[in-house]
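Colleague: Input: one structure, supplied below.
The values are calculated or read from the model by the stated rules, or taken from the named source; none is laboratory data. As the structure is a prediction and not an experimental result, all values here were calculated from the model. When we count neighbours, we look across all protein chains shown, and the Cβ atoms used for this are built from the backbone with ideal geometry, even at glycine.
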Amino acid sequence: MDFEFSPKVKDLQSRLSAFMDEHIYPNEQRFFEEIEANRRAGNAWVPTKIIEELKQKSRAVGLWNLWRPVDHGGQLTNLEYAPLCEIMGRASFSPEVFNCSAPDTGNMEVLIRYGTPEQQKQWLEPLLDGKIRSAFLMTEPEVASSDATNIQCSIRREGNEYVVNGRKWWSSGAGDPRCKINIVMGKTDPDNADRHKQQSMILVPSDAKGYKVLRHLSVFGYDDAPHGHMEVELDNVRVPVTNMLLGEGRGFEIAQGRLGPGRIHHCMRIIGQAERALELMCKRLSSRVAFGKPVSEQSVWHERIAESRCMIDQARLLTLKAASMMDTVGNKAARAEIAMIKIVAPNMAQQIIDWAIQAHGGGGVSDVFPLAWMYSWNRTLRLADGPDEVHRNQLAKFELRKHQHR
């Protein structure tokens with residue numbers, strides 16, 4: 001299997017890395033300072049000026065919407081996008097600068113693959129242009145949402161409208177004032193004998209009557225403003241029947257189409273964060289002296305550094321294999337590989353970031369370095385887009401089926 005990148009991809013890697021060096025890393029502190037200033041002023045949920053400035057710069061140099069599928073005007077396959085997504089993942093706010101951040105990329109994928117021309121014009125075009133943002137409402141507080149058939153949100157048809165009732169949480173992006181559209185998963189046919197045909201997905205504008213953001217949910221104390229993770233109430237929200245995606249009972253079908261690319265993008269970004277954590281670890285260890293010699297000469301750190309390199313490269317190769325399969329045989333045939341990377345990548349990154357925190361001592365758990373935030377984000381990804389246990393269960397079933405009739 002040849003994972004040698006084409007001249008086009010190598011050129012984009014070089015340009016993207018140069019952009020990161022010139023514009024992203026030097027502005028990390030400004031990004032967080034802007035958010036803190038907004039928070040002190042009484043509203044952390046204000047888009048930062050630095051993001052908007054850098055968006056214009058990324059567009060000007062042709063680094064905009066790199067995630068876009070090749071069958072929809074994009075220039076890159078999943079395999080070609082992987083090393084670029086990894087570079088963007090190295091800084092927390094970087095993906096948005098290139099219009100390559102979650103949940104927007106996943107939601108745009110849904111609109112590209114399942115939206116009507118009218119839905120695409122109204123919502124996809126402004127998302128592609130970076131004029132608005134979006135949210136994905138699936139998880140619910142009252143049920144174990146790792147089994148999505150548990151979802152209780154009701155989508156009931158009344159004439160030419162659907163009436164949506166339910167409560168969602170961990171709705172990433174719903175706190176952003178630029179969030180104008182939500183993809184909501186709920187039940188249109190709760191009595192269907194096939195539990196995977198009870199659900200549908202529907203488009204709900206954020207300004208719809210009855211749509212209300214109740215509160216933000218912090219992650220290890222981080223509010224992740226201005227993006228945020230919200231608890232949302234849908235109280236008799238009425239939307240036209242034309243807002244239904246693909247058709248009633250097709251929610252699981254859409255979810256699988258959306259979560260495949262979404263999961264692999266997360267894994268690509270995680271690898272970038274793990275690489276940066278390893279770099280920070282090595283620099284810190286080389287710059288500190290303890291017990292008469294550089295900390296980098298302590299044998300325990302040799303073992304951890306070597307193990308980190310092995311773990312990162314293993315996860316990267318597995319992710320590239322999954323990306324290649326998605327390109328060549330499709331997302332459905334690559335389900336096992338996608339499940340594997342979703343298990344492997346967050347666990348790998350969590351361990352390496354933890355070692356990097358340990359290498360930084362007290363500074364590692366502070367906001368002086370990006371490691372504490374990175375740890376919280378990666379720990380969350382062992383739950384987001386399906387917890388480890390669900391992916392392991394699915395993977396085990398795939399494996400068992402291979403040997404049932406032998």
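Colleague: Please work out if residue 367 is part of a helix (DSSP H, G or I) and acidic (Asp, Glu). Give the steps one after another, and end with the answer.
Modeller: Numbers: part of a helix (DSSP H, G or I): no; acidic (Asp, Glu): yes.
Against the criterion (part of a helix (DSSP H, G or I) and acidic (Asp, Glu)), residue 367 does not qualify.
Colleague: Considering 94, 58, which residue is free of Cβ contacts under 8 Å to residues at least 60 places away in the same chain, hydroxyl-bearing (Ser, Thr, Tyr) and out of contact with any Leu (no Cβ under 6 Å at 6 or more places or on another chain)?
Modeller: That would be 58, the only listed residue that is free of Cβ contacts under 8 Å to residues at least 60 places away in the same chain, hydroxyl-bearing (Ser, Thr, Tyr) and out of contact with any Leu (no Cβ under 6 Å at 6 or more places or on another chain).
Colleague: For residue 213, which of the numbered conditions (1) under 23 Å from the mean Cα position of the chain (by Cα); (2) not in a strand (DSSP E or B) fails to hold?
Modeller: (2)
Colleague: With the structure loaded, tell me whether residue 127 is touching an Asp or Glu at 6+ places or on another chain (Cβ under 7 Å), crowded, with 21+ Cβ neighbours inside 10 Å, in a helix (DSSP H, G or I) and not acidic (Asp, Glu) or whether it fails that test.
Modeller: When the stated conditions are applied, residue 127 passes them.
Colleague: Still on this structure, please answer the following. Take the range 30-52 and flag every residue that is part of a loop (DSSP other than H, G, I, E, B) and over 23 Å from the mean Cα position of the chain (by Cα).
Modeller: Let us first name the residues in the range 30-52 that are part of a loop (DSSP other than H, G, I, E, B), namely 41-48.
41, 42, 43, listed by residue number.
Colleague: Continuing with the same structure: Do we have residue 345 as touching a residue at least 40 places away in the same chain (Cβ under 8 Å) and in contact with a Cys (Cβ under 6 Å, 6 or more places away or on another chain) here?
Modeller: It is true that residue 345 is touching a residue at least 40 places away in the same chain (Cβ under 8 Å) and in contact with a Cys (Cβ under 6 Å, 6 or more places away or on another chain).
Colleague: What about residue 62, is it of a type outside the set (Val, Ile, Thr), under 30 Å from residue 316 (Cα atoms) and assigned by TED's automatic domain parsing to the domain that holds residue 82?
Modeller: Considered against the rule, which asks whether it is of a type outside the set (Val, Ile, Thr), under 30 Å from residue 316 (Cα atoms) and assigned by TED's automatic domain parsing to the domain that holds residue 82, residue 62 comes out as yes.
Colleague: Determine which member of the set 232, 239 is buried (at least 23 other Cβ atoms within 10 Å of the Cβ), part of a strand (DSSP E or B) and not aromatic (Phe, Trp, Tyr).
Modeller: Just one listed residue meets the conditions, 232.
Colleague: Oh, and also: Kindly indicate whether any position in the range 367-374 is assigned by TED's automatic domain parsing to the domain that holds residue 275 and loosely packed, with under 12 Cβ neighbours inside 10 Å.
Modeller: Scanning the range 367-374 turns up at least one residue that is assigned by TED's automatic domain parsing to the domain that holds residue 275 and loosely packed, with under 12 Cβ neighbours inside 10 Å.
Colleague: Which condition breaks for residue 333 when tested against (1) in a helix (DSSP H, G or I); (2) out of contact with any helix residue (DSSP H, G or I) (no Cβ under 6 Å at 6 or more places or on another chain); (3) modelled with pLDDT of 90 or more?
Modeller: Of (1) in a helix (DSSP H, G or I); (2) out of contact with any helix residue (DSSP H, G or I) (no Cβ under 6 Å at 6 or more places or on another chain); (3) modelled with pLDDT of 90 or more, only one is false for residue 333: (1).
Colleague: So which residues in the range 23-52 are acidic (Asp, Glu), over 21 Å from residue 180 (Cα atoms) and free of Cβ contacts under 8 Å to residues at least 60 places away in the same chain, if there are any at all?
Modeller: Result: 33, 34, 36.
Colleague: Something else: Quick one: in the range 1-29, which of the residues that are among the charged types (D, E, K, R) and assigned to a loop (DSSP other than H, G, I, E, B) is farthest from residue 277 (Cα to Cα)?
Modeller: 2
Colleague: For the range 150-161, enumerate the residues that are surrounded by 14 or more Cβ atoms within 10 Å (Cβ to Cβ) and outside any loop (DSSP other than H, G, I, E, B).
Modeller: Within the range 150-161, 154, 155, 156, 161 qualify.
Colleague: Of the residues that sit in the range 72-91 and are surrounded by fewer than 20 Cβ atoms within 10 Å (Cβ to Cβ) and either polar (S, T, N, Q) or out of contact with any Lys or Arg (no Cβ under 9 Å at 6 or more places or on another chain) (or both), which one is modelled with the lowest pLDDT?
Modeller: Here the answer is 73.
Colleague: (1) in a helix (DSSP H, G or I); (2) modelled with pLDDT under 95: which one isn't true of residue 349, the others all being true?
Modeller: Going through (1) in a helix (DSSP H, G or I); (2) modelled with pLDDT under 95 one by one, residue 349 breaks only (2).
Listed here are the residues, each with its yes/no results for (1) among the charged types (D, E, K, R); (2) without any contact (Cβ under 8 Å) to a residue 12 or more places away in the chain; (3) under 24 Å from residue 332 (Cβ atoms).
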position: 350; (1), (2), (3): no, no, no
position: 354; (1), (2), (3): yes, no, no
position: 358; (1), (2), (3): no, yes, no
position: 362; (1), (2), (3): no, yes, no
position: 375; (1), (2), (3): no, no, no
position: 390; (1), (2), (3): no, no, yes
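Yes/no per residue for (1) hydrophobic (A, V, I, L, M, F, W, C); (2) outside the structural domain of residue 356 (by TED's automatic domain parsing):
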site: 225; (1), (2): yes, yes
site: 241; (1), (2): yes, yes
site: 264; (1), (2): yes, no
site: 270; (1), (2): yes, no
site: 283; (1), (2): no, no
site: 304; (1), (2): no, no
site: 311; (1), (2): yes, no
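Colleague: Looking at the range 287-321, which of its residues are in a helix (DSSP H, G or I), surrounded by 12 or more Cβ atoms within 10 Å (Cβ to Cβ) and at pLDDT below 95?
Modeller: Answer for the range 287-321, where residues must be in a helix (DSSP H, G or I), surrounded by 12 or more Cβ atoms within 10 Å (Cβ to Cβ) and at pLDDT below 95: 295, 296, 297.
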